[in-house]
Amino acid sequence: MTLIHHDKAELACVFMVEPGHYEWPAILLASSLMAFAADDVALHAYCRSHLIDQLHPETLRFF
């Protein structure tokens with residue numbers, strides 16, 4: 001899941017978004033970077049394929 005177009009960014013940030021411990025911190029991280037560094041950072045959220053269907057529906061909508 002790529003949130004911001006990588007062609008405009010100077011830096012790429014890849015982070016885990018998985019059910020449980022990493023789910024809400026991933027949303028907070030992405031929200032902060034989108035608010036304060038949107039033009040400078042390409043965001044790439046990663047979730048292992050066998051876990052993606054366990055993400056909260058709001059998380060899926062966000063990403």
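V17's amide H: which non-local residues (gap 5+, or another chain) put their own amide H closer than 5 Å, with H modeled 1.01 Å from N in plane and none for Pro or chain starts?
Close amide H contacts, sequence-distant or interchain: Y46, C47.
Per Stokes-Einstein, at 37 °C and 0.692 mPa s, what whole-number D in µm² s⁻¹ belongs to the chain, with the Kirkwood radius over Cα pairs as the hydrodynamic radius?
Taking Rh from Cα pairs, D becomes 278 µm²/s.
Residue-wise, which Karplus ³J(HN,Hα) couplings in Hz belong to the stretch 43-53, taking 6.51 cos²θ - 1.76 cosθ + 1.60, θ = phi - 60°, and x for glycine or proline?
With coefficients 6.51, -1.76 and 1.60, one gets 9, 10, 8, 10, 9, 4, 4, 7, 10, 4, 6 Hz.
With +1 on the Cβ of every Lys and Arg and -1 on the Cβ of every Asp and Glu, and nothing else charged, how large is the dipole of the stretch 6-62 about its Cα centre, in debye rounded to the nearest 20?
In debye, rounded to 20, the stretch 6-62 gives about 100.
Per-residue ellipticity at 222 nm for the chain, helices alone: DSSP H runs ≥ 4 residues times -39500 (n - 2.57), over residue total, nearest 500 deg cm²/dmol? It would help to have the intermediate numbers written out before the result.
Numbers: 2 runs with 20 residues, N = 63.
Mean residue ellipticity at 222 nm (helix-derived): -9500 deg cm²/dmol.
Of I52, L29, F15, which is farthest towards the positive pole of the stretch 6-62's charge dipole, taken about the Cα centre with +1 and -1 on the beta-carbons of Lys, Arg and Asp, Glu respectively?
I52
Given the Cα-Cα distance of R61 and A35 and 0.36 nm per residue of separation, how much length would full extension add, in nm?
Numbers: separation 26, 0.36 × 26 = 9.36 nm, distance 1.77 nm.
Length gained, R61 through A35: 7.6 nm.
Which angle between 0 and 90 degrees, to the nearest 10, do you get for helix 23-36 versus the longest principal axis of the chain when only C-alpha atoms count?
Value to nearest ten degrees: 20.
Every number here is computed from the coordinates shown, using simple stated rules; none is lab data. Since the structure is predicted, the reported quantities are computational estimates derived from the model, not experimental observations. Because the Cβ atoms are built from the backbone with ideal geometry, glycine has one as well, and the counts that use them run over all protein chains shown.
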